[in-house]
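The values are calculated or read from the model by the stated rules, or taken from the named source; none is laboratory data. Just so it is clear, the structure is predicted and the values come from calculations on it, not from any experiment. Reconstructed Cβ throughout: ideal geometry from the backbone, glycine too, with neighbour counts over all protein chains shown. Surface areas here come from the heavy atoms of the whole protein model, side chains and all, with no ligands, DNA or RNA. Shrake-Rupley method; radii C 1.70, N 1.55, O 1.52, S 1.80 Å.
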Amino acid sequence: MVALARKTLIFEWRRFLPAVVAVGFAGLLQLLQAALVLGIFSSAGLYITGSDADLWVGFPGTQSVSLGRPIDPDLEMRLRMDPAVAAVEPFDWVDADWRGARDTGGQSVYVIGLDPRPGGLLLSRVLSPALRARLAEPDAVIVDRADTDKLGVGVGDVAVINGQRVRVVGVGHGLRALGGVNIVASLDTARRLETDPASFGRPTFLLAALSDPSQAGQVATRLRNDHAFGPYDVWTASAFSRRSIMYWMLDTGAGAGVVFLAGIVFLAGAVITSQTLMAAVAGSVREYATLNALGVGMRNLRRVVLEQAFWVGAVGLLGATLFGLLLLAFARSQDVPVVLNLPVTLLCVAVAMALAAISGLAAMRGLRRADPASLLR
Amino acid sequence: MSAPAPLAAPRGTGPALCAEAISKGFTSGKLRTQVLDGLSLSIDTGELTLISGPSGCGKSTLLAILSGLQPVDSGCVTALGCDLGTLDDQALERFRLLHTGFVFQGFNLFPALDALEQVELPLHYLGLSRRQARERATQSLDEVGMTPRMHLRPGELSGGEKQRVAIARALAKHPDLLFADEPTSALDAANGQVIIDILHRIARGHGTTVLCVSHDPRLVHHADRVLSMEDGRILSDRRPAPPALLSRGATA
C-alpha cells in the first residue's frame, strides 16, 4: 500500500506544521496543567502520603488535614488497647505567626508537631531520620528549602513563632503546602508554641500504624463506633488523603477551573487543527477527486484524511512529551510542585488524540468538494 | 470493495457505451440551462472516439455522463452492458474502479508521491498484492516511456511527463473504458503529439474503448471516429481516413 497520508505529511510538512504544533501545545498544556494541579493539590495530602500511618483519627467531619480540631488525648489509650494497632503517635497542628530573622514581616505558618524519635510515623517519608533527630533539641524547627527566602531565615538562624524564640536546625524538601508555610517541630516544641487554650494538651490528630496494614479498613470501622471518648472519627490513610485532595479540588472551585481551562485548550486546539487539516484536504481536492474518478471510494479517501489526523496527533504528542519532560524537570528543580501519574498521563494523551480525531472528522467534510465531475470542464 | 462487480460485456462485441435520449440541464440561480437534450449515441468497443466542439457545447457533460460521474435528468446510459442509472454511488465507484480510467486536462498528481507510487496507488484498491501492483505499474510506466523517470515526483517532471504518468495511472488498471478530457490542451506541440500517439496505441494495442473530448485538431487524424458537437447536439459523425504516419511510435 502506498502510504499516501504519511508521505504527504512528510513532503508537505510545512502545511501540516500548524496542526502538529496545535495538537502538541494542547497536549502539553493539558499535561502541565494536570501535573501542576496534581502537584499542588497532592500537597494537601502531603502529611498523609508522607507519613507511615495506616489510620488517622481526628475530629468528625474533618475535610482536610489543615482543618483539624483538637480531640480527646485519652483516645491514644483507646487506640493502643486495640490488638491490631502497633504504634500510635499524636500530631499537633498549630496555626501560628512567624517573624523571621531578616525583616520579612509576619507570616502565617502551620507548626507541625511530631515525634522526632526513630520510628516516628508523621512525615517519616519526607524527613530523613537524621533531620528528625535534630528536632529533639528544644525550640528546634525545620523549614522547607523553598520557603527560606519567604521566611527570611537560614540554617542556624533564630526566629519567633507566636512570640517564642525558635531556631532553624535544618531545611527539608517537599514540605510545601497549600494555604500556608509548614514549619516542622517536635511535639514538645509545638505544644510550647500553642496559644489557643482550647488546644492545650489536646492533639489535632492521632496516627496509628497497624501490625497488618491490609486490615486498615476493618480496624477503622471497628474503632469508629466507640463514643466513650467524645467526638472523633477514624479514616484509613488513603481515604483521608483522598478526602483532603478532593476538598481542595472541588470545594475550593479549583477543580472546576481546571476542567474549564482544559475545555478551552481542547477547543482552541481542535479549531486550529481542523482548520489546518481542512486546508490540506482542500489543497489536494483535485487529486482526491481523480482517485474517486478512478473508483477509489469516498470511504477510503476519508480514511486517508483520518490517518493524516492520527499522524498529526502522534507527532504533536511526541513533541509535547519531550518538551513536557524538560519543563517538568525544570519545574522540579525550582521546587514547583508537579506530579504526574500514569493514569493522568494516559488521559492527557487520550484527550490530545481525541482532539486530532475530531479535527480529522471535521476535515473530512472538505472531501465533499472532491467531486470528480468538477474536474471535467 | 465488497459490492458485487457490475457485469461487463466482453470486449469487441457490440457497443461499449450507449446513450439513449439523454437530457441534462443545470440550474444557476433562476436560470435553467439545458446542456444536453434528447441525445442518443453509441460508442463501439476498442475504438478511439473523439468528441470535439466549441466551449460550452456540452461535450464535457456528455463525457461525465457516459463515464458515470454524473447522473442524467432523463434517458438511459449503458456502459459495458450495465445500466448506470440503476447503480448507487458505491456501485458506481466500484464500476469505475473495475472498468474505467480517466485522464484529465490537469494532471492531478499527488505532489508527495513519485511516478511509480502515483500509478501503484489506485491498484491497491483493486485488491492487487504489493508485488502485482508494482509489476503492473512498472509495465504501465514503460508503455508511456516513463521508466527512466519513475522515481521522480511531479515537481521534477515536465507537463508532458506528468500527463504520461497520469495516463499510466489510468492504464495500469487495465480499464475497458478510458475517458480523456482535453488531454493535450495544457501541453506544447511535441508533448501533445506524444500523448496522442499513446492514446492511439492504447485503443489499438489493448482493445480499450477510448473516449476523448478535445478541440485539438491534431487528434482528429488519430481518431477512429470524430463526433462534432454544438449546443448539446451531435452535428456530424464521421470516420476520418487514417493518416500515413499512423504507426509512429511514442518517443520518450
Inset, instruction - Go through (1) buried (at least 22 other Cβ atoms within 10 Å of the Cβ); (2) not assigned by TED's automatic domain parsing to the domain that holds A:Thr204 one by one and return the number of the condition A:Leu67 breaks. - result: (1)
Inset, instruction - Determine whether the range A:135-151 contains at least one residue that is without any contact (Cβ under 8 Å) to a residue 12 or more places away in the chain and not in a loop (DSSP other than H, G, I, E, B). - result: yes
Inset, instruction - Would you check which residues across the range A:211-238 are within 25 Å of the chain's Cα centre (by Cα) and either open to solvent by less than 30 Å² (accessible area, probe 1.4 Å) or β-branched (Val, Ile, Thr) (or both) and list them? - result: A:Ala216, A:Val234, A:Trp235, A:Thr236, A:Ala237
Legend entry - Pairs with Cβ under 6 Å, 6+ apart, first in the range A:233-251 and of a type in the set (A, V, I, L, M), second not in a helix (DSSP H, G or I): A:Val234/A:Leu55; A:Val234/A:Val57; A:Ala237/A:Ala53; A:Ala237/A:Asp54
Inset, instruction - Residues that are at pLDDT below 90 and more than 14 Å from chain B (Cβ to nearest Cβ): find the helices (runs of 4 or more DSSP H) completely inside the range A:1-72 holding 3 or more of those. - result: A:13-42, A:46-49
Inset, instruction - Answer yes or no as to whether B:Thr138 is farther than 21 Å from B:Leu187 by Cβ and touching a strand residue (DSSP E or B) at 6+ places or on another chain (Cβ under 6 Å). - result: no
Legend entry - B:Pro111 vs. criteria open to solvent by 30 Å² or more (accessible area, probe 1.4 Å) and closer than 22 Å to A:Leu376 by Cα: yes
Inset, instruction - Go through the range B:51-75 and count every residue that is open to solvent by less than 40 Å² (accessible area, probe 1.4 Å), out of contact with any helix residue (DSSP H, G or I) (no Cβ under 7 Å at 6 or more places or on another chain) and within 12 Å of another protein chain (Cβ to nearest Cβ). - result: 9
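For the range A:179-294, which fully contained strands (runs of 3 or more DSSP E) count at least 2 residues that are closer than 30 Å to A:Val57 by Cα and out of contact with any helix residue (DSSP H, G or I) (no Cβ under 8 Å at 6 or more places or on another chain)?
Filter on the range A:179-294 gives A:181-186, A:205-210.
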Legend entry - Residue under evaluation A:Leu328, criteria (1) within 30 Å of B:Ala64 (Cα to Cα); (2) under 16 Å from the mean Cα position of the chain (by Cα), criterion not met: (1)
Inset, instruction - Kindly check whether there is at least one residue in the range A:289-300 that is crowded, with 17+ Cβ neighbours inside 10 Å, at positive phi and within 10 Å of chain B (Cβ to nearest Cβ). - result: yes
Inset, instruction - Return a yes/no flag: does the range A:174-183 have any residue that is touching a strand residue (DSSP E or B) at 6+ places or on another chain (Cβ under 7 Å), open to solvent by 50 Å² or more (accessible area, probe 1.4 Å) and over 21 Å from A:Arg332 (Cα atoms). - result: no
Inset, instruction - Taking only the range B:119-156 into account, find how many residues are touching a residue at least 60 places away in the same chain (Cβ under 8 Å) and open to solvent by less than 10 Å² (accessible area, probe 1.4 Å). - result: 2
Legend entry - Residues that are in contact with a helix residue (DSSP H, G or I) (Cβ under 8 Å, 6 or more places away or on another chain) and over 12 Å from A:Asp52 (Cβ atoms), drawn from the range A:122-137: A:Leu135
Inset, instruction - Could you check, for the range B:169-191, whether at least one of its residues is modelled with pLDDT of 90 or more, open to solvent by 40 Å² or more (accessible area, probe 1.4 Å), within 24 Å of B:Ala79 (Cα to Cα) and under 16 Å from the mean Cα position of the chain (by Cα)? - result: yes
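Out of curiosity, is B:Thr78 more than 17 Å from the chain's Cα centre (by Cα) and more than 9 Å from every other protein chain (Cβ to nearest Cβ)?
no
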Inset, instruction - Test A:Ala354 against the criterion of being of a type outside the set (D, E, K, R), exposed (fewer than 15 other Cβ atoms within 10 Å of the Cβ) and either on the phi > 0 side of the Ramachandran plot or touching a helix residue (DSSP H, G or I) at 6+ places or on another chain (Cβ under 9 Å) (or both), and give yes or no. - result: yes
Inset, instruction - For the range B:136-152, state whether one or more residues are of a type in the set (Asp, Glu) and farther than 18 Å from B:Val103 by Cβ. - result: no
Legend entry - Odd one out for B:Leu98, checked against (1) closer than 21 Å to A:Arg368 by Cα; (2) at the interface with another protein chain (Cβ under 10 Å from one of its Cβ atoms); (3) open to solvent by 40 Å² or more (accessible area, probe 1.4 Å); (4) of a type outside the set (S, T, N, Q): (1)
Inset, instruction - State yes or no: is A:Gln30 in contact with a helix residue (DSSP H, G or I) (Cβ under 6 Å, 6 or more places away or on another chain) and open to solvent by 30 Å² or more (accessible area, probe 1.4 Å)? - result: no
Inset, instruction - Among the residues of the range A:1-47, count how many are free of Cβ contacts under 8 Å to residues at least 60 places away in the same chain and small (Gly, Ala, Ser). - result: 1
